1. Kindly indicate whether Leu251 is over 22 Å from Trp150 (Cβ atoms) and of a type outside the set (Asp, Glu).
2. If you scan the stretch 124-143, which residues turn out to be touching a Phe, Trp or Tyr at 6+ places or on another chain (Cβ under 9 Å), assigned to a loop (DSSP other than H, G, I, E, B) and open to solvent by 30 Å² or more (accessible area, probe 1.4 Å)?
3. Answer yes or no as to whether His333 is buried (at least 19 other Cβ atoms within 10 Å of the Cβ) and at pLDDT below 95.
4. Residue pairs, Cβ under 6 Å, 6 or more apart or interchain, first in the stretch 144-162 and in a helix (DSSP H, G or I), second open to solvent by less than 20 Å² (accessible area, probe 1.4 Å) and of a type outside the set (A, V, I, L, M, F, W, C). List them.
5. Among the residues of the stretch 238-254, are any in a helix (DSSP H, G or I), of a type in the set (S, T, N, Q) and in contact with a Gly (Cβ under 7 Å, 6 or more places away or on another chain)?
6. Could you grab me the full set of residues in the stretch 375-387 that are closer than 20 Å to Asp322 by Cβ and open to solvent by less than 30 Å² (accessible area, probe 1.4 Å)?
7. Is there a residue in the stretch 395-407 that is among the hydrophobic types (A, V, I, L, M, F, W, C), open to solvent by less than 20 Å² (accessible area, probe 1.4 Å) and under 21 Å from Ile212 (Cα atoms)?
Amino acid sequence: MTSRRPDSFEGLGYRGREDPSFSGGYSGRSFNNSSGTDLQHWVTTPPDIPGSRNLHFGDRTPQFETAPSPPGAADEAHSAAPPSEQLNRFAGFGIGLASLFTENVLAHPCIVFRRQCQVNYHARCYHLSPLTAISVMYNVTKTQGPKALWKGMGSTFVVQGVTLGTEGIISECTPLPRELSHKWNPKQVVGHLVLKGLTYVVAMPFYSASLIETVQSEIIRDNPGILDCVKEGIGRVMGMGVPHSKRLLPLWNLLFPTVLHGILHYVISSSVQRLVLYLLRRRNNGSPKHSSPDSQADAVQSMLDAYFPELMASFAASLCADVLLFPLETVLHRLHIQGTRTIIDNTDLGFEVLPINTQYEGMRDCINAIRREEGTMGFYKGFGSIVVQYSLHAAVLQITKMIYSTLLRNA
């Protein structure tokens, strides 16, 4: 089975066989004749974390050199490297970790409350404002403890791992491209979207199990393990596990809304991210340059321009996709949760629990029922939690940028 990595892939020190700089010094791929000093020239790129790439814009990972360096030269070069460069590398890695921590950990309470509001058809308060959402979130935490809004976080990581693993396996076993090159064509785009759709289909039962863990009330909830999400997902596919009611929709009824939501979210976020990144880089490239390139302010600004456009583009992409697809997500979550005997917190006050006893026959019936019984704004229940979530994310990005600027100026 041949590898299907894109031509531009540079992660983990990968070099294509067609690269002249790689093949010029080798007649084979064996390292038996290589000395210890030769192997020191193999350098791997940093992990693919937002903000850690392109530490020096336009540079590439050092290639293999034919002439071995004398003993001790590597230590001298390392000691001669300016400390600010090492600070820049660690700061870039820290910026990426801070962004990932905010997206997946700090934002989890907002995601939990948003999902509870979306599936609560009893609710009279729609929480369109972030103030009401924060008030009820505080009441839930005060009544049930701090774990009430952090439940199901492990299962969300499991779903992400299943999604990434499935996408990688399918892309290696099929001609479907995992990434699109700059010179893409319609056939590649269709194949790439088909790959995404198949990935969402495989991850669908695990996503459904993760959704149940995040909305289930902490009062009647046991302490599930991290792998319980996998067990529940497999049990739902095989028709085993916890007994459900007759109102439980079969998985084939959930295929279309799940795949539709996943592909639309990916298309919107990818398009917005490319557009914002293009505009930010165009603005940075078009800004006037000072005559003294060695000035400290210019050096700090150049490093900020290398790190933060990608983070801001990813932030704007996720925000636009979540806002535009909020009504569809409400319908999707109600279909997934139906018939699972789930008991959620009362999102009106935060002091009681409520059962979920819906009887939707499908996606169209769910849309019509929400519009008829709850009105158009019923599709936006819990929208205030999105405002809280992305306000927190923006604050963390701004604070990180200020800390990073201070570290660079003091370096």
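The values are calculated or read from the model by the stated rules, or taken from the named source; none is laboratory data. Nothing here was measured: the structure is a model prediction, and the numbers come from that model. Reconstructed Cβ throughout: ideal geometry from the backbone, glycine too, with neighbour counts over all protein chains shown. What goes into the accessible areas is simple: the full protein's heavy atoms, side chains included, and nothing from ligands, DNA or RNA. Shrake-Rupley method; radii C 1.70, N 1.55, O 1.52, S 1.80 Å.
1. In short, yes.
2. Within the stretch 124-143, Tyr126, Leu128, Ser129 qualify.
3. No: the conditions fail for His333.
4. Close Cβ pairs (under 6 Å, with a partner that is open to solvent by less than 20 Å² (accessible area, probe 1.4 Å) and of a type outside the set (A, V, I, L, M, F, W, C)) amount to Leu149/Pro109; Met153/His108; Ser155/Ser210; Thr156/Ser210; Val159/Ser210.
5. Yes, the stretch 238-254 has at least one match.
6. We begin by selecting, within the stretch 375-387, every residue closer than 20 Å to Asp322 by Cβ; these are 376-387.
Result: Gly378, Phe379, Lys381, Gly382, Gly384, Ser385, Ile386.
7. no
Okay, residues lined up against (1) of a type in the set (A, V, I, L, M); (2) under 23 Å from Ser210 (Cα atoms):
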| position | (1), (2) |
| --- | --- |
| Val112 | yes, yes |
| Val119 | yes, yes |
| Thr132 | no, no |
| Gly145 | no, yes |
| Ser171 | no, no |
| Thr174 | no, no |
